[in-house]
Amino acid sequence: MSESVSSIESPFEFTQGDSPLLVSMPHSGLNLTPDVAAGLTDLAAKLPDTDWFIPELYGDLADLGVGCIKANYSRYVIDLNRPYDDKPLYESKTTGLFPDILFVDQPVFNEGSLPSDAHRQACKEHIWRPYHATIAKELVRLKDKFGYAILFDAHSIAAEVPMLFDGQLPDFNWGTNHGESCDQALPSMLTQVLRPNYTQVLNGRFKGGYITRQFGQPAEGIHAIQLELSQATYLDESAAQHNEYRLDQSKLPFIQQQLREVMEGILQVRV
């Protein structure tokens, strides 16, 4: 077994639920392979583009009977929300299957320190493939059991990322691939369940990445929706400005309760 393969262990954690809903967390992982860790710039080593604390925000999924799959490896190892062939998803500037720039438009890797092609192929086969295969298998199981299945792709991002968008994001950014990835009953309900102190947009800057587009097949009874949550809703913003990431304990209970209400709302929808 090559070193590239042997360094990849437990690519994700999967908990099977007992409801039609599966939550995916592709960008919350923090693990690095030795090949990637050795080449990161000092800034990239702080993992600034992580979807920070997503598992903590959705901490009571098991109580609701909701299944969950969450990545263990950082998106700097491989981005699970990009296609296997790395075809561009967006016309605007963004990052690919193997990111080489940070969201602040600085390099991820020191010069001459990119992981090898062999390492990248190992990541595709031993992280990307099993993650997506698990989602596919579980959605089929849920559809067979309940008559339909819903995939909720959970993300977060800094409120201001000039490389990706102008100005400041709304708090909740729902994506349904322009309405093609799910029955309209889902976004209709979700846009009504939010409390008025949170702002939101449907299919704004974030319309759903590869996972939403690939698995959302409403004609076949499988629905997918993405949430890109502004990190301003739960992070200590003063610390984040210095690339230190910690929860704001004054915000946390409110966003956790709101997300629980989102999950409860989805479970009440019949599609």
The residue from Leu267, Leu229, Leu259 that alone is over 28 Å from Thr94 (Cβ atoms) and either surrounded by 17 or more Cβ atoms within 10 Å (Cβ to Cβ) or not small (Gly, Ala, Ser) (or both) is Leu267
Against the definition (crowded, with 18+ Cβ neighbours inside 10 Å, aromatic (Phe, Trp, Tyr) and out of contact with any Phe, Trp or Tyr (no Cβ under 6 Å at 6 or more places or on another chain)), how does Phe146 come out, yes or no? no
Filter the range 116-143 for residues that are hydroxyl-bearing (Ser, Thr, Tyr) and touching a strand residue (DSSP E or B) at 6+ places or on another chain (Cβ under 8 Å); the one that is surrounded by the most Cβ atoms within 10 Å (Cβ to Cβ) is Tyr131
Would you pick out the residues in the range 204-236 that are closer than 19 Å to Gln168 by Cβ and without any contact (Cβ under 8 Å) to a residue 60 or more places away in the chain? Gly204, Arg205, Phe206, Lys207, Asp236
Members of the range 223-271 found to be at pLDDT 95 or above and touching a Cys at 6+ places or on another chain (Cβ under 9 Å), listed by number: His223, Ala224, Ile225
Write out, first by first residue and then by second, each pair whose Cβ atoms fall under 6 Å of each other, whose residues are 6+ apart or on separate chains, and whose first residue, in the range 112-135, is under 17 Å from Pro34 (Cα atoms) while the second is of a type in the set (Phe, Trp, Tyr). Arg120/Phe98; Ile127/Tyr73
Would it be correct to say that Gly175 is at pLDDT 95 or above, under 27 Å from Gln16 (Cα atoms) and either among the hydrophobic types (A, V, I, L, M, F, W, C) or over 19 Å from the mean Cα position of the chain (by Cα) (or both)? no
Inside the range 104-143, can you point out the residues that are of a type in the set (Phe, Trp, Tyr) and either more than 30 Å from Gly204 (Cα to Cα) or modelled with pLDDT under 95 (or both)? Phe109
Residue list for the range 87-140, filter: over 16 Å from the mean Cα position of the chain (by Cα), of a type outside the set (Asp, Glu), part of a loop (DSSP other than H, G, I, E, B) and within 22 Å of Glu160 (Cβ to Cβ): Tyr90, Ser92, Lys93, Leu102, Val104, Gln106, Val108
Quick check: anything in the range 145-156 among the charged types (D, E, K, R), out of contact with any Pro (no Cβ under 9 Å at 6 or more places or on another chain), under 19 Å from Asp183 (Cβ atoms) and at pLDDT 95 or above? no
Give the range 162-181 a look and list any residue that's small (Gly, Ala, Ser) and on the phi < 0 side of the Ramachandran plot, or say none. Gly175, Ser181
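The values are calculated or read from the model by the stated rules, or taken from the named source; none is laboratory data. Because the structure is predicted, anything quoted here is derived from the model rather than measured. All Cβ positions, glycine included, derive from the backbone under ideal geometry; neighbour counts span all protein chains shown.
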